[in-house]
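Below you'll find the structure, written out as structure tokens, and then a few comments.
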Amino acid sequence: MRLYKRAIFTFLFSAVTFSSFSQKSGPIIFTVDSDTVWGGEFERVYSKNNQVESQKPTAEEIQEYLDLYVRFKLKVKEAYSLKMDTSRAYLTELAGYRRTLAQPYLTDKKVTDELINEAYERKKYEVNASNLMIHLSPVASPEDTLKAYNRIKVWRDMIVSGKVSFADMARDSSTDQSAKTNNGELGYFTVFSMIYPFENMAYNTPVNGVSPIFRTQYGYHILRVNDKRPNRGERKVAHIMIRVNNESEIEEKKAQIDAVYKELKEGTSWDELVDRYTQDFSTRTRGGEMNWFGSITSTDGIPATFREAAFALKKIGEYSQPVLTEAGWHIIKLNEEREMLSLDEMRETLKYRISKDQRGEINKAAVLKRVKEENNYTPFESSINKFMESLDSDVKNKAWKATPFHETDEVLFTIANKKYTYAEFAKYLFIHQPFRGQGKPAEVGMSVFEKYVDEMNMDYEESVLEDKYPKFRYLMQEYRDGILLFELTSKMVWEKATEDTTGLRAFFESNRDNYRWDQRADITIYSCKDEKTKKKVNKLLNSGKSDEDISKKINARNPLKVQISMKRIERGVDTVYNAIEWSEGIYPFDDGSKNSLLVKVTNVIEPGLKELNEVKGPVTSDYQEYLEDKWITELKGKYKVEMNEQGLDQLFSSK
């Protein structure tokens, strides 16, 4: 139901997008009781759905749209009269749409575009780097932070001076335990594979170079870039897999995959071998073919050894020798390859990845800076300092509670003309105080306060979007009215038409003459491989042979020489058959394909009335239209609609 609703909702806005927000400009066009529609509003919504740049709409075009707009206004008037806009379900749904619609106004387009371009340029290359680190908590004390920094600085100095290799230092000293076995080497990666600060350093450090010391949420790092190579694009491969359940089976299953490989080399077709031997049942029915994947390890579940073997293949159709992975033995065949997608093709994907990445914080910071300036964010430093100095160590252990001192109206900061007080922040601090905070109580409190300030600035900005951006204001009103329009129309028209079987039957019976069959025919179609086969089939048909006999005789050696199908056609609907006679007989036929065709007309049915089960879809649609027209008539009787002809004459006068 949800998907259906979204589809209808999208239709409402793409086909006829309205707004009942009162744009009080231009003449009055019409009124619905006390609600007024102004010329500026009507011109705006008309122009949104019609091209009016080059010439003024005709009177007929304006009248057609006006009729639709009046119907819309009547429905929305009824919805508000029924107080449908106050229901919890409506308010929840509207809030969800608002959050989505607000996002473009709460991001910085320039910063977003810069990050998209940066990500795309980085994606053109794959980096191989090694990591040496000291783990450090994000809230470590200044003493511990300095100690860790000095320690890793000594390591870097030793590496840069040549006293020790990066690999040896990583293996012997890094607090990343994986370095004990891989010497810190991370293999190849690309954009979004690593946290953003690490990615930045990897892409900005030259090959064979050692980076400066840098910090992430995990601690201090230095890295060495071992190699950079161009993005290798994506590949689509097929594979034959013999599953290995444990190490004791490796050699046994190797003999099996070698036997398959031998058959492949001797000429047995790939598809036949897949069908007979592969134990990857998810790909068996499509010749062992897998989905597209890239050369960098990701969340697609493809083992690194499989990936490397696939990218080692040089040409389409080439297949590998048996390859062992943790899943089993594989023979891999290259089916397709493609270069990295263009920026336009990847833009939306990159935009989404950025929004979920640490890069999103860059965008958020830019927006916060802008909205603080636009909304005149003003902190009161003395009040802030007094509040922080009043905190005790309980705030570090999620045990702090507000005192009367904290529950006052003293102002911490203002945004525009709105004041944010001690009491309001105290409630926030009580909920968000950390369980194991690091640092002095005032520092812990200030850390929570900074988050509070950011949230309040963003919340305020979101709350005034309608005032700051007319387009957003109009769009939100369209969604308010649109949700109501959907719900009420669904109740009064769509659901009634599908659930009221008695009413649907009565409507059908009273309008039955509108639903008629034209002349129809039952036909058999013989699709022949060539003209020679067509002549043989024609001869057999004329001798009275059955379709079963014809199929057995003609397809004895090749099951595809003739294919026989039957269907019922209607004159004027199945126009491809216009050339045949509408009488029983056998006729040559050309449907534009390369096949040689014969059609046998076995039965001709004269025009007649349709039954409801034969035409229920069109009847339901017509019944919905009937119900809506009846409903609109009732609404016009309930709400007085008055047109202002002078106002109508002034529409689009500037064109």
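The values are calculated or read from the model by the stated rules, or taken from the named source; none is laboratory data. If you're wondering where the values come from, they're calculated on a predicted model, not measured in any experiment. Glycine also receives a Cβ, built like all others from the backbone with ideal geometry; neighbour counts cover every protein chain displayed.
Below, the figures for the structure above:
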| quantity | calculated |
| --- | --- |
| Failed item, numbered, when R284 is tested on (1) buried (at least 16 other Cβ atoms within 10 Å of the Cβ); (2) closer than 19 Å to V191 by Cα; (3) basic (K, R) | (2) |
| Output for region 478-491, where each listed residue is crowded, with 18+ Cβ neighbours inside 10 Å and out of contact with any Asp or Glu (no Cβ under 8 Å at 6 or more places or on another chain) | E478, Y479, D481, G482, L485, F486, E487 |
| Which numbered condition R436 misses (of (1) more than 32 Å from the chain's Cα centre (by Cα); (2) basic (K, R); (3) surrounded by 12 or more Cβ atoms within 10 Å (Cβ to Cβ)) | (3) |
| Identity of the residue in region 164-178, under 43 Å from the mean Cα position of the chain (by Cα) and in a loop (DSSP other than H, G, I, E, B), that ends up surrounded by the fewest Cβ atoms within 10 Å (Cβ to Cβ) | Q177 |
| Residue count for region 105-147, restricted to those that are part of a helix (DSSP H, G or I) and surrounded by 12 or more Cβ atoms within 10 Å (Cβ to Cβ) | 18 |
| E628 vs. criteria assigned by TED's automatic domain parsing to the domain that holds Q63, acidic (D, E) and exposed (fewer than 11 other Cβ atoms within 10 Å of the Cβ) | no |
| Scope region 299-357; condition β-branched (V, I, T) and either part of a helix (DSSP H, G or I) or in contact (Cβ under 8 Å) with a residue 24 or more places away in the chain (or both); matching residues | T305, I331, I332, T349, I354 |
| Filter pass, G40 being modelled with pLDDT of 70 or more and in a loop (DSSP other than H, G, I, E, B) | no |
| From F198, F189, residue being touching a helix residue (DSSP H, G or I) at 6+ places or on another chain (Cβ under 9 Å) and within 30 Å of E348 (Cβ to Cβ) | F189 |
| Scope region 105-130; condition over 14 Å from A366 (Cβ atoms) and free of Cβ contacts under 8 Å to residues at least 60 places away in the same chain; matching residues | E118, E121 |
| Unique match (being within 16 Å of R516 (Cα to Cα), more than 45 Å from the chain's Cα centre (by Cα) and among the small types (G, A, S)) among G608, G617 | G608 |
| Matching residues in region 317-340 - criterion: being within 22 Å of K265 (Cα to Cα) and under 32 Å from the mean Cα position of the chain (by Cα) | I332, K333, L334, N335, E336 |
| Looking only at region 597-613, and only at residues there that are surrounded by fewer than 15 Cβ atoms within 10 Å (Cβ to Cβ), touching a residue at least 40 places away in the same chain (Cβ under 8 Å) and out of contact with any Asp or Glu (no Cβ under 8 Å at 6 or more places or on another chain), the one that is farthest from K529 (Cα to Cα) | G608 |
| Tally, over region 389-434, of residues that are of a type in the set (G, A, S) and either at positive phi or in contact (Cβ under 8 Å) with a residue 60 or more places away in the chain (or both) | 1 |
| Qualifying residue in region 555-566 (condition: free of Cβ contacts under 8 Å to residues at least 60 places away in the same chain and in a helix (DSSP H, G or I)) | no |
| Any hit, region 273-293, residues being over 38 Å from the mean Cα position of the chain (by Cα), closer than 26 Å to F311 by Cβ and free of Cβ contacts under 8 Å to residues at least 24 places away in the same chain | no |
| Residue selected from region 358-405 under the condition of a type in the set (V, I, T) and in a helix (DSSP H, G or I), by the criterion surrounded by the fewest Cβ atoms within 10 Å (Cβ to Cβ) | I362 |
| Residue identified as at pLDDT 90 or above and hydroxyl-bearing (S, T, Y) among S510, S527 | S510 |
| Looking only at region 305-326, and only at residues there that are of a type in the set (G, A, S) and under 21 Å from E249 (Cβ atoms), the one that is surrounded by the fewest Cβ atoms within 10 Å (Cβ to Cβ) | S320 |
| Of all residues making up region 550-570, the number that are surrounded by 14 or more Cβ atoms within 10 Å (Cβ to Cβ) and within 16 Å of F589 (Cα to Cα) | 4 |
| Checking V160 against (1) surrounded by fewer than 18 Cβ atoms within 10 Å (Cβ to Cβ); (2) aliphatic (A, V, I, L, M); (3) under 20 Å from P230 (Cα atoms), the condition it does not meet | (3) |
| When residues of region 179-205 are limited to those that are assigned to a loop (DSSP other than H, G, I, E, B) and under 36 Å from the mean Cα position of the chain (by Cα), the one surrounded by the most Cβ atoms within 10 Å (Cβ to Cβ) | V191 |
